[in-house]
């Protein structure tokens, strides 16, 4: 605190002024129909200070000047100036429609500071509460898909509570996921997502941003570049999502709002299977195989064979097996909120419940939340605000997705022979003794209904997050504030493999307890003053302390001692028990500041600086690092008299640096006590052994001089509005280079370590973003309106260098040689086995087998899309409204493990071709002397061909163009006018609508699966790969909104 006294005193001397008498001006903002405009912005003319109207359109603002003028604005409306002088009473502001977005609105920026949008020298994009509440997503991350330029969202799975990955302006790191920081009411929160292999069983337990209730959000601001996020430091190196929650309004009566939805889910992409061939091998029926390589069903007419239960049956196809296996899921979302306020206080209390039944049996998620937001103004100088959010989640039946795991549901479902009726399988998944009825006679595969009923994976989570903020206005131009926030959660995960499961006959379980907490505190002093009619100056100094801790404890037991049917999943009930614990503690202490000036409300300049002290680098001597930013904006239309064509024009530019620290303990030699050991060609054992314990040193060789990563960014852009704001165009060009990358490189085994962390390599992301808004009928008050918005982004990633010796670096690995690599001079790409080709590009065919030859470790394609485009249309007419969002992604490659399994097993529809004919693959034979001749060798069977083509070890055979076009959201609703509302005195608002999400995959180049799936998930660097992912869903349903 002593460090702040002198700077604050200097600011006070330079900007001193007399006290002014504060007055509280109240008002309400309405549209021409008399409906409240929630979120309308109210700022002092010529400044960047202001507030926003609550959900009832009410606002209040402290005024010190006798001739104060307020500027009131709202999306699609004309700005209105209102006198707020000494004689002004309660204000009633009615805004007229104009079309387009009014850029004078208030935007929530870094540290929760509200700024005039026209003053910003960098690109931001807001998502309103209406956009979040329409067709509400179960995961708030999914609500951003297709709505924000430069933002890419991928689901990991379609299971209830599945995680979603979000990346802004491309991946910037080799070893760390490039995820934005989530901030709620000025407090950074965790969006952690344990990877699919954590907890040992490949289950997607979701990302923590999914705990956020969309109905509690007033607005979301997406800060994209380092200039926008520099004041958040290393946590926001890859962008930030700034969330402002809803609050009540002072001097307003009690208001109750209800938002209720019921939706049904179905599988979005149903694999197309062949229905002509039974299980077997090379055309011969056999119960040893769960596949489609047996005889043709029509050739077995009149013959009986043994089925999986030993019954004599006549073979017949069951082409609707997939449709019958997946049920219709159901989700209900209910939210109720109470808000209001008195002369000094405002409050809002909300309760929400999400209850979801998945598209397979025994899959469910129940999430409940309670939120509180209370503000109190003690006097004209001192005010406070308190927020608290509690979330409780319970889930069961979370699917396993990966490979080499007995519980993988996807491969078990799609391996069901077409001659086996899934309803019969469901009724007979166990025998009279409770043992599994396997689909194959050698018990190599699991009955999917055994997995769904016996081998369940679930989690229980309790999360608390909140904040306490205090604000003291020492003078009319000097304000002190402190914001303390916390975020903590406790989670238990349990994964079970019952006795009798193929691949783990004696059974096992894994129980994991996760505790994570964050304490954050920001202390700030802000001074702002109008020097004269033209100039406004602002200065801010602050300090931040962020403490983070993660503690993970796991118990893995295998080989159950007694019958586990009663759920005795305890260490004492297994022969082998392995206990593990890991924890991470870190502290970041920061000092930051900003100097800003504006001239005639058209020229704006801001300079920021931040210095971080990172505990993770304290032993390297590089724990203190400083990074600055500068941004400016010029509203050039303020100099124009004729604005009939160009209504608004703004140029902006920024440059910034952001530092990033290392993981805790990465620079230290650490030791971990062991609980078990394994020796090749011997039996495993546990510690202590003969009374002695054992310790294992870390596998990372400590680096004494490790430095922080540095990201430097330059951005330029423009905002243009035409014809009275009926057309708007926002264009941005950016380039960001992240250097001093903290990489893990392999070291010789003789060192006693596996890898060493070094500073090396750099990645550049550069690209274009454009947003087009068109509102041609905005002036048609009460009549037909059409609002069109498109956002386009194109990012180019280049790996500039590695450590000087490497030409490529593996950022993620899969199975059978599949890797995501970063090559020098290229972008993150998919590597693996590839078809061998002649110099002129023809496939090289083995002259003996007729099958294509392969070569290892080859580049197949970039996993980065060429561009993304979101198209949003909103139509309204006399209370009716229709919204349609289309999401387009072009370019990149996609590997599908599901397609691999379907083709190699002979279950995919395309494997029927040429089964009864001779097939010669197109290509050439290598003559061994540098010459090639056309291939004339037929394949011995299509089973061999597809076994080779679709094998997991053959990467290219299962790679496709990742482009897609998807109908992301549809909303059709009707708002009842007052004369049609029942109980008019009680009901102040009523809307009934239809809604849907992910309704239609309009175009895709990937067969059988949704190309948006991602196995690597929200906690991983890799993209463009799915391994037996649980299928994505389409949802449709009803929505009811009531205000009392």
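The values are calculated or read from the model by the stated rules, or taken from the named source; none is laboratory data. Since the structure is predicted, the reported quantities are computational estimates derived from the model, not experimental observations. Glycine gets a Cβ as well: all are built from the backbone with ideal geometry, and neighbour counts include every protein chain shown.
Assess whether residue 858 counts as being surrounded by fewer than 16 Cβ atoms within 10 Å (Cβ to Cβ), within 32 Å of the chain's Cα centre (by Cα) and under 27 Å from residue 1005 (Cα atoms). Here the answer is no, as residue 858 does not meet what is asked.
For the range 922-944, the criterion of a residue being under 25 Å from residue 848 (Cβ atoms), part of a loop (DSSP other than H, G, I, E, B) and in contact with a helix residue (DSSP H, G or I) (Cβ under 7 Å, 6 or more places away or on another chain) is satisfied by at least one position. Contact map, the range 1017-1035: first residue on the phi > 0 side of the Ramachandran plot and part of a strand (DSSP E or B), second residue modelled with pLDDT of 85 or more and crowded, with 24+ Cβ neighbours inside 10 Å, Cβ cut-off under 9 Å, separation 6 or more or different chains; the map is empty.
Table: residues versus (1) under 30 Å from residue 666 (Cα atoms); (2) modelled with pLDDT under 90; (3) part of a strand (DSSP E or B).
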{"site": "569", "(1), (2), (3)": "no, yes, no"}
{"site": "572", "(1), (2), (3)": "no, yes, no"}
{"site": "585", "(1), (2), (3)": "yes, no, yes"}
{"site": "595", "(1), (2), (3)": "no, no, yes"}
{"site": "604", "(1), (2), (3)": "no, no, yes"}
{"site": "611", "(1), (2), (3)": "yes, no, yes"}
{"site": "622", "(1), (2), (3)": "yes, yes, no"}
{"site": "630", "(1), (2), (3)": "no, no, yes"}
{"site": "641", "(1), (2), (3)": "no, yes, no"}
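The number of residues in the range 314-335 that are in contact with a strand residue (DSSP E or B) (Cβ under 7 Å, 6 or more places away or on another chain), more than 30 Å from residue 354 (Cβ to Cβ) and touching a residue at least 24 places away in the same chain (Cβ under 8 Å) comes to 1.
Please give the strands (runs of 3 or more DSSP E) falling wholly within the range 421-530 in which 1 or more residues are in contact with a helix residue (DSSP H, G or I) (Cβ under 9 Å, 6 or more places away or on another chain) and within 30 Å of residue 278 (Cα to Cα).
478-497
For the range 332-349, a residue qualifies if it is crowded, with 22+ Cβ neighbours inside 10 Å and either under 24 Å from the mean Cα position of the chain (by Cα) or over 30 Å from residue 379 (Cα atoms) (or both), and the qualifying residues are 333, 335. Determine if the range 415-431 includes at least one residue that is under 39 Å from the mean Cα position of the chain (by Cα) and under 30 Å from residue 193 (Cβ atoms). So far as the range 415-431 goes, yes, one or more of its residues are under 39 Å from the mean Cα position of the chain (by Cα) and under 30 Å from residue 193 (Cβ atoms).
Going by what's in this entry, would residue 719 be described as assigned to a strand (DSSP E or B), at pLDDT 80 or above, in contact with a helix residue (DSSP H, G or I) (Cβ under 9 Å, 6 or more places away or on another chain) and surrounded by 13 or more Cβ atoms within 10 Å (Cβ to Cβ)? Yes.
Just one residue in the set 847, 900 is free of Cβ contacts under 8 Å to residues at least 60 places away in the same chain and either closer than 30 Å to residue 417 by Cα or out of contact with any helix residue (DSSP H, G or I) (no Cβ under 9 Å at 6 or more places or on another chain) (or both); that residue is 900.
If you go through the range 225-277 and keep only what is part of a strand (DSSP E or B) and under 23 Å from the mean Cα position of the chain (by Cα), you end up with 240, 241, 242, 243, 244, 245, 261, 263, 264, 265, 266, 267. Do we have residue 693 as more than 30 Å from residue 821 (Cβ to Cβ) and touching a residue at least 40 places away in the same chain (Cβ under 8 Å) here? Criteria not met by residue 693. Look at (1) more than 26 Å from the chain's Cα centre (by Cα); (2) crowded, with 18+ Cβ neighbours inside 10 Å; (3) at pLDDT below 85 and you find that residue 740 fails only one, number (3). Scanning the range 789-802 finds one or more residues that are part of a loop (DSSP other than H, G, I, E, B), out of contact with any helix residue (DSSP H, G or I) (no Cβ under 6 Å at 6 or more places or on another chain) and within 30 Å of residue 706 (Cβ to Cβ).
Pull up the range 130-175, narrow it to residues that are out of contact with any strand residue (DSSP E or B) (no Cβ under 8 Å at 6 or more places or on another chain) and part of a loop (DSSP other than H, G, I, E, B), then point me to the one that is modelled with the highest pLDDT. Among them, the one singled out is 159.
Determine, yes or no, whether residue 993 is crowded, with 20+ Cβ neighbours inside 10 Å, more than 22 Å from residue 155 (Cβ to Cβ) and out of contact with any helix residue (DSSP H, G or I) (no Cβ under 9 Å at 6 or more places or on another chain). Judged against the criteria, residue 993 is a match. Inspect all residues belonging to the range 962-976 and state whether any of them is crowded, with 21+ Cβ neighbours inside 10 Å, touching a residue at least 40 places away in the same chain (Cβ under 8 Å) and in a loop (DSSP other than H, G, I, E, B). For the range 962-976, residues crowded, with 21+ Cβ neighbours inside 10 Å, touching a residue at least 40 places away in the same chain (Cβ under 8 Å) and in a loop (DSSP other than H, G, I, E, B): present. Quick check on the range 385-420: of everything there that is at pLDDT below 90 and part of a strand (DSSP E or B), which residue is farthest from residue 295 (Cα to Cα)? Out of the qualifying residues, it is 400.
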